[in-house]
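Here the structure is laid out as structure tokens; the discussion comes afterwards.
The values are calculated or read from the model by the stated rules, or taken from the named source; none is laboratory data. Computed from a predicted model, the values in this text were never measured in an experiment. Here the Cβ is made from the backbone with ideal geometry for all residues, glycine too, and neighbour counts use every protein chain on show.
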Amino acid sequence: MKRLPKLKIWHWIVLAVLVAFALDWFVQRPDERSRDLNRAIESEASEQLRAYPYQFRVIRTEGDAAVMTTPRDRNVPALNFLRAVQPDLDVMNANDPAFVAAQTRLGQMQDEARAIVLEQPGVKSVRWELDKRWLRSHGIEVPDK
């Protein structure tokens, strides 16, 4: 009987990382209803929403409510997100016309994504959940709460 070769430590590390990614994907993947709602966002979105640097998406449904991701909330203000996607923007000057326009555009894009989801059968409300993964991946500090 042939013996299997011993795996080196880095093989185990790579295997552990792959298993962790697979498990994370399985846990985080949206359910079928959420995937349908995300397809609706993709197919019905305006060109501006499609081109926007943040893609709003449904991560789960709870009864007749869709839970959607957002890059802002009371703990992570919009300026953190805007600084990440538009590094040349003066986010410290709330009166800067470019900053005001960027904030307005973010609101419009979020409203459009929400409206598309609310137009779908069986959805009566939308709840927003901070997209901590996206924010952290873009170097934005997120409170653990």
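Summary of values
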read-out	value
Filter result for the condition that a residue is more than 14 Å from the chain's Cα centre (by Cα), surrounded by 15 or more Cβ atoms within 10 Å (Cβ to Cβ) and not hydroxyl-bearing (Ser, Thr, Tyr), over 142, 91	91
Considering residues of region 120-139 that are under 17 Å from residue 67 (Cβ atoms) and of a type in the set (D, E, K, R) only, the residue surrounded by the most Cβ atoms within 10 Å (Cβ to Cβ)	131
Among the residues listed as 113, 102, 66, the single one being in a strand (DSSP E or B), hydrophobic (A, V, I, L, M, F, W, C) and surrounded by 18 or more Cβ atoms within 10 Å (Cβ to Cβ)	66
Close pairs (6 angstrom Cβ cut-off, 6 or more residues apart or separate chains): under 17 Å from residue 141 (Cα atoms) in region 65-89, among the hydroxyl-bearing types (Ser, Thr, Tyr) and surrounded by 14 or more Cβ atoms within 10 Å (Cβ to Cβ) anywhere	71/54
Cβ-Cβ under 7 Å pairs, at least 6 apart or on other chains, region 115-141 side over 21 Å from residue 45 (Cβ atoms), far side among the hydroxyl-bearing types (Ser, Thr, Tyr)	130/70
Checking residue 53 against (1) under 17 Å from residue 131 (Cβ atoms); (2) modelled with pLDDT under 95; (3) surrounded by 12 or more Cβ atoms within 10 Å (Cβ to Cβ), the condition it does not meet	(2)
Candidates 102, 65 - the one that is farther than 21 Å from residue 39 by Cβ, over 14 Å from the mean Cα position of the chain (by Cα) and at pLDDT 95 or above	102
Residues located in region 76-88, provided they are in a loop (DSSP other than H, G, I, E, B) and within 16 Å of the chain's Cα centre (by Cα)	76, 77
When residues of region 1-50 are limited to those that are exposed (fewer than 10 other Cβ atoms within 10 Å of the Cβ) and within 30 Å of residue 125 (Cβ to Cβ), the one modelled with the lowest pLDDT	27
